[in-house]
Amino acid sequence: MRTVRRRGRGAGRCRAWSGPCVDDVRWSHVAPGPGTYDRWPRSLPSPGRGEVGRVRHSVRPMRIGILGTGNVGRALAGAWNAAGHEVVLGSRKPDETAAHGGNVPVVSTEAAVAAADVVVNATPGTASLALLTSVGAPALAGKVLLDVAVGFTDAGDLSHLGESLGEELQRAFPDTRVVKTLCTLDRLVMIAPDSLEGPSTVFLSGDDPTAKDTVRGLLHDLGWSPDSVLDLGGIATARGQEHFSLLFIPVAQAVGSYRFGLRVVRLSEDVPQSYEEARTAAEAAS
C-alpha cells in the first residue's frame, strides 16, 4: 500500500431539499466546519474548512439519519444531501446542540432513526453502544447501520482491542445490518476522495451483502469509484479498519496532515509470484 497526499481542489455547491418534514423540521444540508478528531494529537494542523462536492445520483434518494453532530457527521450530511439524499442529524439534546448543526436540522436520536432508511453512527465510539441502546433494538431492526466510529479512551488509546465496535454493535443488535466503512479516513477525504493526488482505497466490512451494496452506492455518491471500494468480508474484519488508527495517527504526524489516503496495489499479472516462477521466467528469457 502507498501513501497518497492531498492536493487542493474546487468544490461544488450544496442543494437544499424541500421535501416533507420530520418532527416539523426540514431535512437539509450543511458544509463541514473546521476541526479535528477528538483526542488526536494537537501537534497536527487543523484540517480546516471543507466543502461538499458535485451532485451525484448512484442510488435512489434515501433518508439518512446521522447520529452525532460533530465534524464527521456534519461533513457527511452536506455531501449526501448534495447527492440528492434527505439528511438529518440526530442528537440526545437537540435543543442544546441545534447551533452545532449549522443549516442542518438537529432532531432527537429517536426521530432521526425512525425516519431513516440508513442510520449513520458518527458518535464517539465509546458512547455508541449506550446511545443506540437508548434508541432501542426494535427501532433499528431491519435498518442499515453505517458505522464510521472508532472508540478512544481518555488516554488516547483504542477502546476496543480484542474486537471492533462494529462487531459489538452487530452482536448487540442482531436484526440490524451493520456495515463498517470510512473510519480509516479524515472527514474531508471521506467526502472528496478526488482531492487526493491519486486514487485511494476505502473498505467495507459487514455480514449482509444487500446492506453493503447500499453502502457501496452511498460511497459512490461521495465520489468513491467502484474500483476504490474494497470489500474485506464479514463484520469481524471491521477490527482491522478500526485498528488502522494505530497507523493513521503516526502517518498523519509524519506528513503533517490528516488528509491522505492509502491505496491497495495488487501484484501485476506479468510479475512472477514465486521463486520457482521467477526462475522459470528467467530461464525462458535467456
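The numbers here are math on the coordinates, done by the rules we state, and not lab data. In this text the structure is predicted, and so the values were computed from the model without any measurement. Positions of Cβ are generated from backbone atoms using ideal geometry, with glycine treated the same way; all protein chains shown enter the neighbour counts.
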* Please give the contour-minus-distance gain from V264 to D231: 0.36 nm per residue of separation, less the Cα-Cα distance, rounded to one decimal in nm. => 10.7 nm
* Structure fact -> Between the residues F203, C183, L246, the Cα farthest towards the positive end of the dipole of region 137-286, that dipole coming from +1 and -1 charges on the beta-carbon of Lys, Arg, Asp and Glu, is from C183
* **Calculated FRET value between H243 and K93, using beta carbons and R₀ = 51 Å, to 0.05** => 0.95
* To do: May I ask you to derive the relative contact order of region 205-286, considering only C-alpha pairs under 8 Å and at least 6 residues apart, and to give it as an integer percent?
  => 26
* **Net length gained if the chain between A141 and E276 were fully extended (0.36 nm per residue, minus Cα distance)** => 43.3 nm
* To do: Give, in nm to one decimal, the length gained when the segment between A127 and D154 is fully stretched (0.36 nm per residue of separation minus the Cα-Cα distance).
  => 8.5 nm
* To do: Quick one: check the C-alpha center-to-center distance for region 109-136 versus region 216-286, whole angstrom.
  => 31
* Asked: For the pair V255 and D194, how long in nm is the line joining their label points, each one 7 Å along Cα→Cβ?
  -> 2.0
